[in-house]
Amino acid sequence: MTQNLADTSRPAATPSAETSTESSAANGAAGRGWWRDAVIYQVYPRSFADSNGDGMGDLPGVRSRLPYLRDLGVDAVWLSPFYASPQADAGYDVADYRAVDPMFGTLLDADGLIRDAHELGLRIIVDLVPNHSSDQHEWFQRALREGPGSPLRERYHFRPGKGEDGELPPNDWESIFGGPAWTRTEDPDGTPGDWYLHLFAPEQPDFNWENPAVADEFRSILRFWLDMGVDGFRIDVAHGMVKAPGLPDIGGHDQLKLLGNDVMPFFDQDGVHAIYRAWREILDEYPGQRIGVAEAWTPTVQRTANYVRPDELHQAFNFQYLGTSWDAAELREVIDLSLDSMRPVDAPTTWVLSNHDVTRHATRFANEPGLGTQIRTPGDRELGLRRARAATLLMLALPGSAYVYQGEELGLPDVTDLPDEVRQDPSFFRAEGQDGFRDGCRVPIPWSGTEAPYGFGPTAGGPSWLPQPAEWAELSVEVQTGDPTSTLELYRSALTIRREQADLGAGGSVEWLETGEHLLSFRRGSFVCTVNTGAEPVRIAAPGRILLSSAEAVAVDGETVLPADSTIWWAV
């Protein structure tokens, strides 16, 4: 299944010395790691841009929109999976890690995208899915065909069942998507066989990382894409590859409620860190500062810091921040905790408000706090957008690296009223497990025009793999471009100022300033950020000249009125 480029003998394409120097210099970051203050834009390929009109976004579509991302002002682009896959979980079930799925294009398309990005001064980060493969992966299919005793079975977690006839799962682990984390196989002679472990969908069997062949394979996969010129990897389920010895029972049900609160026998085991130390050696062999980013759900920010020790990965997602309510006290607490936890390992803190797995923050903030990161009601959309704009300026003012999910720069809300018959999230079709409403944040984004698919595809009235709301015609890139009050222009201005202000970007601390209830204010050198999370405007003494505001601020009697749910950037 692996595709091959026609020219495999050429030197590795990299942004290496030239692009690295240009990108770093633009942020005043030369010599200390471009990732420390990078703004990284997540592209969900199937929902970004459709080049051929089949209703599915693809790599040529992404490639055609790279100038838009350059002009937006981001430093790097993270691509969600585009590998060969049966798409049981939107590409996170990989059948061939060295091939592009035909729905997204070819390896030549990937090569062209990487080259074009580098010419535009953008870096490319690709998703890597090392915890599990597709059940259509060649290894797993051979393991099924060859039956018990096959060496291929040692590369996954095959186990005999419990009970008189092996009719019960090997342990009590539950799938993140609901139901048992085990599925029973059928032996080649048609009789019931062993069970295999899948922490997610049954179509996603977990690799056994105790088997040397698995580690060898992924080192080879890393080199394959590094040789293609990618600048790094976002590592899916980075906390999940190593399981506790003996695969012990957890005890009881509702195990999902324990996630994020306890170290589980299948998540955040200390053995994962040996894997990342080996990977770091490979990344460091390549020029241009290639990086690894951990998607690691851990009980504490302190345990997250273990993934970014100096000899391991470069960044780890800050999920604690993503889940924080729009509340000044809560935000200050998690900001301090995040910065304090990363400082001992000399790693940048990352900040993120939305991604492809959670309700968009314009909708989360439109609802009452405490509902989690999967919300099924639209809430007060005007309120949600106002808070989302303010939260963006707060995020971009904090020390470290920030992630932007496609469409958030347009102020897109979640689509909470998708008909059941169009949904494709695998957990939606299971009785238990995580909420199956992730499709709402994955609806293709609007580019132009007054009729769906709003420039997502090449033809007005053409298909779209998920339907777009009619009101998105007013949220398109075309409509918002040039409108000084639009969310898109707010992002463009913020990212420009972030590059120009020497005190923004990288760093490990903020200087908190005295404020009142519902207010946050901090200084970073000659820059001050002030946030009002309250429902009423507040009059404050202006600390300097306004650089940017998420809502219109008014001067009254020598003071500045900070509107409700707003953020102001100041030069002091």
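Couple of notes before you dig in:
- Residue tally, condition within 13 Å of residue 532 (Cα to Cα) and without any contact (Cβ under 8 Å) to a residue 60 or more places away in the chain, over region 315-329: 1
- Of the residues screened, residue 521 is not one that is assigned to a loop (DSSP other than H, G, I, E, B), within 19 Å of residue 351 (Cβ to Cβ) and either touching a Phe, Trp or Tyr at 6+ places or on another chain (Cβ under 8 Å) or open to solvent by 20 Å² or more (accessible area, probe 1.4 Å) (or both).
- Residue 222 satisfies every condition listed in (1) within 28 Å of residue 350 (Cα to Cα); (2) outside any helix (DSSP H, G or I) except (2).
- Applying the criterion of being farther than 24 Å from residue 489 by Cα and touching a residue at least 40 places away in the same chain (Cβ under 8 Å) to the residues of region 504-514, the residue that is surrounded by the most Cβ atoms within 10 Å (Cβ to Cβ) is 510.
- Per-region count, region 535-572, residues assigned to a strand (DSSP E or B) and either of a type outside the set (A, V, I, L, M, F, W, C) or open to solvent by 30 Å² or more (accessible area, probe 1.4 Å) (or both): 15
- Which listed residue, of 347, 388, 362, is assigned to a loop (DSSP other than H, G, I, E, B) and modelled with pLDDT of 95 or more: 347
- Residue match in region 411-418 (condition: surrounded by 23 or more Cβ atoms within 10 Å (Cβ to Cβ), at pLDDT 95 or above and part of a helix (DSSP H, G or I)): no
- Applying the set (1) among the small types (Gly, Ala, Ser); (2) in a loop (DSSP other than H, G, I, E, B); (3) touching a Leu at 6+ places or on another chain (Cβ under 8 Å); (4) open to solvent by less than 50 Å² (accessible area, probe 1.4 Å) to residue 440 leaves exactly one unmet item: (2).
- For region 478-496, the tally of residues that are surrounded by 14 or more Cβ atoms within 10 Å (Cβ to Cβ) and under 24 Å from the mean Cα position of the chain (by Cα) stands at 9.
- In the set (1) touching a strand residue (DSSP E or B) at 6+ places or on another chain (Cβ under 9 Å); (2) under 22 Å from residue 468 (Cβ atoms); (3) assigned to a loop (DSSP other than H, G, I, E, B), the condition left unmet by residue 399 is number (2).
- Pair list, Cβ < 6 Å and 6+ apart or interchain, from region 287-306 residues that are of a type in the set (Lys, Arg) to residues that are surrounded by fewer than 20 Cβ atoms within 10 Å (Cβ to Cβ): 290/283
- Matching residues, region 56-104, being in contact (Cβ under 8 Å) with a residue 60 or more places away in the chain, under 17 Å from the mean Cα position of the chain (by Cα), assigned to a loop (DSSP other than H, G, I, E, B) and more than 19 Å from residue 201 (Cβ to Cβ): 74
- Residue within region 205-223 that is in contact (Cβ under 8 Å) with a residue 40 or more places away in the chain and touching a Ser or Thr at 6+ places or on another chain (Cβ under 7 Å) present: yes
- Selected residue (criterion: farthest from the chain's Cα centre (by Cα)) from residues of region 146-197 that are assigned to a loop (DSSP other than H, G, I, E, B) and of a type in the set (S, T, N, Q): 191
- Residue that is least open to solvent (accessible area, probe 1.4 Å), among those in region 373-385 that are part of a helix (DSSP H, G or I) and not aliphatic (A, V, I, L, M): 384
- Residue check, residue 31 open to solvent by 10 Å² or more (accessible area, probe 1.4 Å), at pLDDT 50 or above, on the phi > 0 side of the Ramachandran plot and out of contact with any Cys (no Cβ under 9 Å at 6 or more places or on another chain): yes
- Residue match in region 253-269 (condition: open to solvent by less than 20 Å² (accessible area, probe 1.4 Å), in contact with a Lys or Arg (Cβ under 6 Å, 6 or more places away or on another chain) and closer than 30 Å to residue 109 by Cα): no
- Applying the criterion of being buried (at least 22 other Cβ atoms within 10 Å of the Cβ) and not basic (Lys, Arg) to the residues of region 42-55, the residue that is farthest from the chain's Cα centre (by Cα) is 50.
The values are calculated or read from the model by the stated rules, or taken from the named source; none is laboratory data. Keep in mind the model is a prediction, meaning the values are calculated, not measured. Ideal geometry is used to build each Cβ from the backbone, glycine not excepted, and the neighbour counts take in all protein chains shown. Each accessible area value is taken on the protein alone, full model and side chains, heavy atoms only, with ligands, DNA and RNA left out. Shrake-Rupley method; radii C 1.70, N 1.55, O 1.52, S 1.80 Å.
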